[in-house]
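Only one structure is covered here, and it is reproduced in the block below.
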Amino acid sequence: MRPFVPSATVRRLTPVAFMLLVVASSAPAISAEPQRALTFEADAPTESVDSNEPLALLASCDKKLESCTTDAVGMPYLIAAYLVLWAILVIYFTLARRGQRRLREELDELRALVREYEDTFLKGSEGDTTA
Amino acid sequence: MTAKTIWLILRKDVLIELRTREVLTSMALFAVLIVVVFAFAFSLDETRAKLVGPGIIWVTILFAGTLGLYRLFDRERDHAAMSGLLLAPAGPLAVYIAKVLGLVIFITVTEIIVLPLMLAFIGVPLPLEGIPLFALALLLGVLGFSLVAVLFGGMLASTRLREVLIPIVVYPVVVPVIIGGVKLTGAAMGDGLPGEADNWLRLMAGFDIIYLALCPWVFTRVMVE
Amino acid sequence: MKAPQSSLRPVFMPLLLGAALMGVIYFVFAVTPREQQMGEVYKIFYFHVASAMSCLSLFFICAIASIGYLVLRNRKGWGRIATLSDQVAHGLAEIGVLYGAIVLTTGPIWAKPAWGTYWNWEPRLTLLLLTFFLFVGYLVLRAYGQRDEKVKNMASGIAVVGIPAALLTHFAIQLWKGGNHPQVVTGEGGGLADPAMRQGFAMAVGTVALLAIYLVWMRVKTHQMRDEVEMLFLDMSDLEEARR
């Protein structure tokens with residue numbers, strides 16, 4: 001039975017597909033972030049604040065607002081950092097992989113060539129000895 | 001045997017230098033020019049001089065030392081003189097030690113010529129009681145720099161990329177020495193906290209000891225065929 | 001002609017590792033809590049520090065492999081191990097520089113919102129920068145002469161000398177100024193208080209290290225193939241010589 005060999009196009013597209021997959025799957029994690037950051041406040045003590053005391057309420061509001069601003073300011077940096085992380089890894093991997101594949105092709109060719117040379121050389125020397 | 005070979009190589013370098021004077025003149029001239037450029041670049045006055053003066057001195061030493069290093073090994077490149085030297089009876093170790101001593105001597109002589117001029121140009125006051133500390137810092141710093149620089153200089157002298165590669169690999173390694181030198185020079189000029197100088201001296205001495213042990217080993221390992 | 005599995009199999013590992021990395025990122029964003037002072041930006045930390053740890057470990061192991069190469073290269077019967085340790089050292093340096101690039105780009109991106117500046121001369125950042133430069137020099141030298149025996153020796157020398165320098169630089173800069181890098185891992189800065197944070201951090205460190213191991217292995221294989229190509233070229237020229 002003939003073994004399954006993906007065509008050249010498939011092989012060439014694999015890294016691209018991988019890249020797309022990586023970007024696509026990390027995108028929700030990143031883009032989902034701003035909403036969660038705005039709604040989720042682990043450290044703002046909302047329950048403990050007495051709603052009858054305006055000053056405490058105001059303070060808790062300030063705190064909430066402050067952490068929201070911190071997150072809003074930091075968000076582009078966070079996204080940029082993760083994009084850079086992925087970009088560096090994926091670009092490097094793709095380039096290294098391509099280099100490796102070329103090298104492998106070169107190696108296969110060379111091996112075949114050397115075998116061919118050896119055959120002709122051996123034949124030639126045998127011819128010499130018989131002659 | 002080793003001592004004699006070291007002495008012979010060192011004597012050869014010094015004799016060539018005494019006859020041609022090309023290394024010392026180029027180093028000294030270069031050092032003075034760097035200081036002049038810095039003086040313009042920082043538009044130095046008295047308060048700024050105290051701040052950046054030590055840094056300028058050490059950067060100058062670093063650059064002039066690199067220049068001396070290039071010249072020291074340029075000589076050995078013609079007619080594959082380096083391979084001949086490495087075949088000397090005492091081997092690469094003698095070559096390494098002789099070259100380190102040569103570089104230390106060259107930098108020291110350059111400093112003796114240039115430093116008074118530098119201090120005058122920059123305008124930093126060096127009090128008399130600060131001179132021993134300054135001299136000690138210079139000695140430790142120059143030794144540390146030479147140990148590393150000669151190792152890489154000797155290794156990379158035969159490559160085509162040496163002018164690029166030598167600074168790339170030497171400067172990151174000698175950073176501790178440069179920081180220590182700058183700090184000690186500042187202390188000698190009456191800057192910084194009192195107990196601080198001891199720590200920096202210890203750091204520089206530690207650097208010198210570590211590289212005194214490591215560099216000869218690496219040099220012999222790398223250069224032996 | 002081509003072996004069928006060779007074109008399929010190599011994609012498996014990177015996919016697995018990529019999935020693991022994405023899993024960790026998901027964990028970091030979905031499970032670990034928000035840090036109180038720095039806010040969400042804090043989440044750069046997980047991969048920044050994990051990459052930095054891997055990066056320095058790679059450089060350190062590279063130095064050890066280089067020592068191994070320098071010691072063994074002239075011993076009889078150890079030639080193959082020496083060659084292998086040289087190839088491994090080369091791969092380690094390459095991936096170390098890659099990770100260094102990650103650390104040195106995510107570092108400033110984190111530093112800007114967290115400290116207000118893109119860069120400050122803080123001990124560990126400077127240490128990494130200088131070691132990074134040293135190993136960039138190492139790779140430049142390596143690229144200059146692939147199979148040259150002398151180049152291999154020189155590169156090993158650079159790696160061996162670099163490591164004590166890195167430690168001394170760290171020490172020197174710590175002496176120079178206190179530094180405001182958060183001492184998160186040792187716990188002095190109060191970070192990683194939450195168990196989920198510690199869990200996420202451990203996961204990040206593990207995944208990043210595994211990825212490093214895989215990439216190094218890939219590079220080692222590439223170097224081995226390159227060496228074989230060189231050798232086959234030599235064989236061919238020998239054969240051609242003999243045929244004349």
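Every read-out reported here was derived from the displayed coordinates using simple, explicitly stated rules and does not represent laboratory data. Model, not experiment: these values are computed from the prediction. With ideal geometry, Cβ positions are generated from the backbone for all residues, glycine too; neighbour counts draw on all protein chains shown.
Structure values in brief
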| quantity | calculated |
| --- | --- |
| For chain C: relative contact order, % (alpha-carbon pairs under 8 angstrom, 6 or more apart) | 29 percent |
| Size descriptor, Kirkwood hydrodynamic radius, that averages inverse alpha-carbon separations across the range B:124-217, Å | 14.1 Å |
| Shielding of C:122-135 by partner chains, average beta-carbon count, 10 Å | 2 |
| Relative contact order for chain B, counting Cα pairs under 8 Å that sit 6 or more residues apart, in percent | 27 percent |
| Peptide-level mean, for C:92-105, of C-beta atoms on other protein chains within 10 Å | 2 |
| Computed over the range B:1-47, the ratio Rg/Rh where both radii use C-alpha atoms and Rh is Kirkwood | 1.34 |
| Furthest towards positive pole of dipole, B:A31, B:M155, B:I179, structure part the range B:2-223, Cβ charges | B:M155 |
| Low-density loop cleavage sites - trypsin sites (Lys or Arg not before Pro) in the range B:6-61, where at most 15 other Cβ are within 10 Å (DSSP) | B:R21 |
| At most 15 other Cβ within 10 Å, DSSP loop - GluC sites (Glu not before Pro), the range B:119-202 | none |
| Chain B: radius of gyration and largest Cα-Cα distance (Dmax), Å | 17.9, 55 |
| Dipole axis of chain C (+1 Lys, Arg; -1 Asp, Glu on Cβ), positive-most option in C:F135, C:L234, C:Q224 | C:L234 |
| Estimated dipole of chain C in Debye, rounded to 20 [Cβ of Lys and Arg +1, of Asp and Glu -1, Cα centre] | 220 debye |
| The range B:167-225 and the range C:80-115: distance between their alpha carbon centers, rounded to Å | 25 Å |
| Cα coordinate range in the range C:44-155, projected on the principal axes (Å, largest first) | 57, 25, 18 |
| Pairs of Cα atoms farther than 20 Å apart, the range C:61-232, % | 61 percent |
| Long-range amide H partners of B:V224 with built H, under 5 Å | none |
| Cross-link table B:K4/C:K150; B:K12/C:K150; C:K76/C:K150; B:K50/C:K112; C:K76/C:K221; B:K4/C:K152, entries beyond 21 Å C-alpha to C-alpha | B:K4/C:K150; B:K12/C:K150; B:K50/C:K112; C:K76/C:K221; B:K4/C:K152 |
| Mean-position separation - Cα centroids, the range B:69-146 and the range A:79-117, in angstrom | 46 Å |
| Hydrodynamic radius by Kirkwood, which averages 1/r over all alpha carbon pairs of the range B:57-131, in angstrom | 14.5 Å |
| Calculated P(r) of the range B:16-148 - Cα pairs past 20 Å, % | 50 percent |
